[in-house]
Amino acid sequence: MGRVLVVGAGVIGLSCAVRLLEAGHRVDVVARDLPLESTSAVAAAIWYPYRALPQDLVTTWGKASYAAFEALSRQHGTGVSVVLGTEVFRSQVPDPWWREAVPDLDRETALPAGYVDGWTFATPLIEMPTYLPWLAGRVTELGGTITRLSLSDLPSGPDLVVNASGVGSRRLAGDADVEPVRGQVVRVEQVGLDRWWLDGAGLTYVVPRSKDIVVGGTDIEGEWSRTPDPAAADEILARARTLVPELAGARVLGHKVGLRPARPSVRLERVGDVIHCYGHGGAGVTLSWGCADAVRDLADGAR
């Protein structure tokens, strides 16, 4: 097996590195931002296809990732669990297009005031402060390396390159179709919440973790700033408290902003000695293992 250089140390790059190492490749990961500095570190993060197309491939990749996370939830120290939650709507809606990617999805009848439809399902919840170090540790355990390196172009030479640079692909791959979508979240203290909530009519979500609760969010296209906006934070908290009244009075612990790599469709293809894997929008975690499997297959010769 040859050497593979993975560009990007977020959840996509690290997952690709793991699958390639497991397949016997020699792998080095290089990135401007190390795992806990990446956009992935800001993610809430639950398995849920958001701002990612095309639907058929997203469903396939998402289903594979769901199964991988379900298996990881049974391993100690991964930060992965499977948690029940509900998405609610203010009008009647059909089943989601990604329905076949999840084992069970039931219509919810016990809805908060103001909502008329919803569904409940169990989904992987990935605590990124734990999961990303575990994933990086898996890379090094398998013999790979992770190095901070800021690149102005994708490397060229004898090695296979996996471009998992997210929104950085706008520059590194010269892809003007990639644009940032600014997402802001607020971390509040854990007040005993044990299930997640999502308002399907807007970008309002409440995701409980072991030591805090992540509430969001925003969805601002073309915005590069990573500085939290106090007014946006107030509006996020107001929406979250309306959806989940138990959050009233919960102490704010912090604010974070990430830049989702949005694109009309995920780019996952091999062009010569470069495999591109970016443009996952708000579904990087959700698609990570399915896309990593596809990258491994391309590296092993599939076209």
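The values are calculated or read from the model by the stated rules, or taken from the named source; none is laboratory data. Small disclaimer: the values here were computed from a predicted structure and weren't measured. Glycine also receives a Cβ, built like all others from the backbone with ideal geometry; neighbour counts cover every protein chain displayed.
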Q. Between residues in segment 50-75 that are without any contact (Cβ under 8 Å) to a residue 60 or more places away in the chain and small (G, A, S) and residues that are in a helix (DSSP H, G or I) and buried (at least 17 other Cβ atoms within 10 Å of the Cβ), which pairs lie under 7 Å by C-beta distance while being six or more apart or on different chains?
A. none
Q | Residue count for segment 219-270, restricted to those that are of a type in the set (S, T, N, Q) and under 24 Å from P35 (Cβ atoms) | A | 2
Q: Identify the single condition in (1) surrounded by fewer than 18 Cβ atoms within 10 Å (Cβ to Cβ); (2) modelled with pLDDT of 95 or more; (3) over 19 Å from Y278 (Cα atoms) that P158 does not satisfy, given that it satisfies every other one.
A: (2)
Q | strands (runs of 3 or more DSSP E) completely within segment 153-222 that count 2 or more residues being aliphatic (A, V, I, L, M) and under 22 Å from Y50 (Cβ atoms) | A | 179-189, 204-208, 212-216
Q | Count of segment 242-294 residues which are of a type in the set (V, I, T), part of a strand (DSSP E or B) and in contact (Cβ under 8 Å) with a residue 24 or more places away in the chain | A | 4
Q | Among the residues listed as R182, R138, the single one being surrounded by fewer than 19 Cβ atoms within 10 Å (Cβ to Cβ), touching a residue at least 24 places away in the same chain (Cβ under 8 Å), under 21 Å from V11 (Cα atoms) and within 21 Å of the chain's Cα centre (by Cα) | A | R138
**Q.** Residues of segment 185-215 that turn out to be exposed (fewer than 15 other Cβ atoms within 10 Å of the Cβ) and within 19 Å of the chain's Cα centre (by Cα), as a count
**A.** 2
Q | Hey, P129 under 26 Å from V215 (Cα atoms), modelled with pLDDT of 95 or more, touching a helix residue (DSSP H, G or I) at 6+ places or on another chain (Cβ under 6 Å) and not in a loop (DSSP other than H, G, I, E, B) or not | A | no
Q) Is it true that V80 is in contact with a strand residue (DSSP E or B) (Cβ under 6 Å, 6 or more places away or on another chain), of a type outside the set (D, E, K, R), within 24 Å of Q184 (Cα to Cα) and free of Cβ contacts under 8 Å to residues at least 60 places away in the same chain? A) yes
Q) Just checking, how many residues over segment 169-222 are among the small types (G, A, S) and in contact with a strand residue (DSSP E or B) (Cβ under 8 Å, 6 or more places away or on another chain)? A) 8
**Q.** segment 249-278 - residue that is touching a Lys or Arg at 6+ places or on another chain (Cβ under 8 Å) and more than 27 Å from D229 (Cβ to Cβ) and, of those, surrounded by the most Cβ atoms within 10 Å (Cβ to Cβ)
**A.** C277
